[in-house]
Amino acid sequence: MVKRRVAFRRKRQNRLAMFLVTTVVLMLLLVVGTKSVELKAKQRVYEAREQVLLEQIAEEEKRTEEIEEFRKYTKTKKYAEEVAKDKLGLVYDGEILFKEEQ
């Protein structure tokens, strides 16, 4: 009879231990699953942000090229002549300048 009670207690303790272990494992799975979903959502947001930033970088690189081309153009004689004609009204000797009536 004593052996039977001891065996019953051990069996009951084993069931309780298995139940607790199973509960802990299920809770861990739930937490890991929830965090996984949150991380995937964050990843999508970051990927979208990365695309926007890459587009901005491409636009700025294009703008940098345009500015560099304009800088080179401003060092030419043709640019100096255009500025002298447009802003200062200067002309070459013997050159006739026609202006529209307004």
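The values are calculated or read from the model by the stated rules, or taken from the named source; none is laboratory data. What you see is a predicted model; the values in this text were computed from it and never measured. Ligands, DNA and RNA are excluded from the accessible area calculation, which covers all protein heavy atoms including side chains. Shrake-Rupley method; radii C 1.70, N 1.55, O 1.52, S 1.80 Å.
Overview of results
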item	result
Among Lys72, Lys35, Lys87: highest mean-square fluctuation, GNM of the chain, C-alpha pairs under 10 Å	Lys87
Per-residue SASA entry for Leu26, accessible area with 1.4 Å probe, Å² rounded to 10	100 Å²
Length released on extending from Gln102 to Thr23, taking residue separation times 0.36 nm less the Cα-Cα span	19.5 nm
Per-residue [θ]222 nm for the chain (sum of -39500 (n - 2.57) over DSSP H runs n ≥ 4, rounded to 500)	-30000 deg cm²/dmol
Accessible-area composition of the chain, carbon plus sulfur, in percent [1.4 Å probe]	60 percent
Rounded tilt (10° steps) of 77-86 against the dominant C-alpha axis of the chain	70 degrees
Of Gln13, Gln56, Gln43, the one that fluctuates the most in a GNM where the chain has Cα springs shorter than 10 Å	Gln13
Nearest 10 degrees, 0 to 90: helix 2-74 Cα axis against the chain principal axis	0 degrees
Accessible surface, the chain, averaged per residue in Å² (probe 1.4 Å)	104 Å²
